[in-house]
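Peer 1: What follows is a structure written as structure tokens; I'll ask about it next.
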Amino acid sequence: MRWLFVFCFLMTVSTSTYAAGGNIYITNEKSSTITVLDGATYKVVRSFKTCKRPRGVHFSKDHTQFYVGCADDNVIVVYETATAKLVKRIRSIEEPETFDLSPDGKTLYVSNEEDAAVSIVDIETGKVLKSIDIGEEPEGVQVTADGATVYVASEAANLVHVIDTASGTVTADILVGTRPRRFALTPDEKELWVSAELAGQVDIIDTRTNRTSGDIVFKPTGFRRNEVTPVDLLMTRDGTTAFVALGRANHVAVVDIKTRRVLDYILVGKRPWGLALSRDEKTLFVANGLSDDISIVNIAKRRVLKSVAVGQVPYGILIDD
């Protein structure tokens, strides 16, 4: 029986690396606030002011803290996850749009919207280690699991930039559809999916060749092509299903990753552009930028369970579950 106890203990340690607090955090771009929902009831338990125009949001590696980028204050604010208590401010980060975390949890790769650059920021010291010039209006940032490569989307240049983190140089520029916004990597990292907002599609990049290998065009019933403006996208851990927020089309697309076929369109709020999945991947949370609310979606039933009013122009979602 002793071996069974040890096995169970090791399984517990390996599958639960942090203690979750159960809250859901939403950044609201226009009201410059963070809304906190109770993860069990989905009720608003708190709303508080933060820095101006909060957008990108990301947990620290151990989930004890989370980072919020505020473009109009040139700052990344750090909060304690359990209490939402302010920990520190990382200042002099030019127009932080979105960002991603290095695998070791020590470095942030930050898109600088107005500077046409990506900054490499040391989290502990708050110093910008390097600034890399890229295309105009960068937004989406994606780091590979080994930390060797960073992808950055340039909205105005219609490019995905491939950056080697060891040298801090751009190694490739990949032309994609009009106004690329966000990324999702397949679990095997052989494909990088990028939303092309004004093209109404997702472009698929072969990461081994740095060339596009296909695209997915969205055609929800009742919407013209120019009304379909995909922004955020994410994938399930098993690599079977992708979800794409379709912006002005007021739907989230459900996509079979292997076949690249759209399985369904889920009606949500107005102009959805931010997405997050619960840890058990049974619930999808959608930030609706023009209806100032969050849609909570039952994935199995593919329908909205509840809509919750938050701040003005919700953007990013973090789930501490």
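Peer 1: Check Ala245 against each of (1) surrounded by 23 or more Cβ atoms within 10 Å (Cβ to Cβ); (2) hydrophobic (A, V, I, L, M, F, W, C); (3) more than 18 Å from Leu185 (Cβ to Cβ); (4) touching a strand residue (DSSP E or B) at 6+ places or on another chain (Cβ under 6 Å) and name the one condition it does not meet.
Peer 2: (3)
Peer 1: Buried (at least 16 other Cβ atoms within 10 Å of the Cβ), within 30 Å of Asn23 (Cβ to Cβ), at pLDDT 95 or above and not aliphatic (A, V, I, L, M): does that describe Arg181?
Peer 2: yes
Peer 1: Quick one: in the stretch 221-242, which of the residues that are closer than 25 Å to Glu29 by Cβ and surrounded by fewer than 22 Cβ atoms within 10 Å (Cβ to Cβ) is nearest to the chain's Cα centre (by Cα)?
Peer 2: Residue satisfying both the conditions and the ranking: Leu234.
Peer 1: Moving to a separate point now. Here is a list: Gly239, Gly269. Which entry is outside any strand (DSSP E or B), free of Cβ contacts under 8 Å to residues at least 60 places away in the same chain, within 26 Å of Val36 (Cα to Cα) and out of contact with any helix residue (DSSP H, G or I) (no Cβ under 9 Å at 6 or more places or on another chain)?
Peer 2: Step by step, each of Gly239, Gly269 is checked, and only Gly269 is outside any strand (DSSP E or B), free of Cβ contacts under 8 Å to residues at least 60 places away in the same chain, within 26 Å of Val36 (Cα to Cα) and out of contact with any helix residue (DSSP H, G or I) (no Cβ under 9 Å at 6 or more places or on another chain).
Peer 1: Out of all the residues in the stretch 17-38, which are outside any strand (DSSP E or B) and modelled with pLDDT of 95 or more?
Peer 2: Residues satisfying the conditions are Glu29, Lys30, Ser31, Ser32.
Peer 1: Let me confirm something: among Asp164, Asp146, which residue is more than 26 Å from Arg261 (Cα to Cα), of a type in the set (D, E, K, R) and out of contact with any strand residue (DSSP E or B) (no Cβ under 8 Å at 6 or more places or on another chain)?
Peer 2: Asp146
Peer 1: Can you confirm whether Val297 is more than 23 Å from Val45 (Cα to Cα), part of a strand (DSSP E or B), at pLDDT 95 or above and touching a strand residue (DSSP E or B) at 6+ places or on another chain (Cβ under 8 Å)?
Peer 2: It is false that Val297 is more than 23 Å from Val45 (Cα to Cα), part of a strand (DSSP E or B), at pLDDT 95 or above and touching a strand residue (DSSP E or B) at 6+ places or on another chain (Cβ under 8 Å).
Peer 1: Residues being hydrophobic (A, V, I, L, M, F, W, C) and at positive phi: count how many of those fall in the stretch 286-321.
Peer 2: So the answer is 1.
Peer 1: Okay, next question. Among (1) in contact with a Lys or Arg (Cβ under 8 Å, 6 or more places away or on another chain); (2) surrounded by fewer than 23 Cβ atoms within 10 Å (Cβ to Cβ); (3) more than 21 Å from Leu277 (Cα to Cα), where does Ile205 come up short?
Peer 2: (2)
Peer 1: Restricting attention to the stretch 206-223, and to residues there that are in contact with a helix residue (DSSP H, G or I) (Cβ under 9 Å, 6 or more places away or on another chain) and of a type outside the set (Gly, Ala, Ser), which single residue is farthest from Asp280 (Cα to Cα)?
Peer 2: Phe223
Peer 1: A further question follows. Checking Tyr79 against (1) touching a Lys or Arg at 6+ places or on another chain (Cβ under 8 Å); (2) surrounded by fewer than 18 Cβ atoms within 10 Å (Cβ to Cβ); (3) under 30 Å from Val45 (Cα atoms), which single condition isn't satisfied?
Peer 2: (2)
Peer 1: Right, here's the next one. Checking the structure you have, find out if any residue of the stretch 145-160 is under 22 Å from Arg53 (Cα atoms), of a type in the set (Val, Ile, Thr) and either touching a residue at least 12 places away in the same chain (Cβ under 8 Å) or surrounded by fewer than 19 Cβ atoms within 10 Å (Cβ to Cβ) (or both).
Peer 2: The answer is yes, given that some residue of the stretch 145-160 is under 22 Å from Arg53 (Cα atoms), of a type in the set (Val, Ile, Thr) and either touching a residue at least 12 places away in the same chain (Cβ under 8 Å) or surrounded by fewer than 19 Cβ atoms within 10 Å (Cβ to Cβ) (or both).
Peer 1: Pull out all pairs, ordered by first then second residue, where Cβ-Cβ is under 6 Å, the residues are six or more apart or on different chains, the first lies in the stretch 43-56 and is touching a residue at least 60 places away in the same chain (Cβ under 8 Å) and surrounded by fewer than 17 Cβ atoms within 10 Å (Cβ to Cβ), and the second is part of a strand (DSSP E or B) and not small (Gly, Ala, Ser).
Peer 2: Note: pairs meeting the criteria are Ser47/Thr33; Ser47/Thr35.
Peer 1: Name the residues in the stretch 293-321 that are within 18 Å of the chain's Cα centre (by Cα) and more than 14 Å from Leu37 (Cβ to Cβ), would you?
Peer 2: Val297, Val313, Tyr315 - these are the residues of the stretch 293-321 that are within 18 Å of the chain's Cα centre (by Cα) and more than 14 Å from Leu37 (Cβ to Cβ).
Peer 1: So which residues in the stretch 274-294 are farther than 13 Å from Leu246 by Cα and small (Gly, Ala, Ser), if there are any at all?
Peer 2: Ala276, Ser278, Ser291
Peer 1: Tally up the residues in the stretch 73-126 that are within 20 Å of Thr144 (Cα to Cα) and of a type in the set (Val, Ile, Thr), please.
Peer 2: Number of matching residues: 7.
The values are calculated or read from the model by the stated rules, or taken from the named source; none is laboratory data. Only a predicted model underlies this, so the values are computations on that prediction, with no experimental measurement involved. We place every Cβ from the backbone using ideal geometry, glycine too, and count neighbours over all the protein chains shown.
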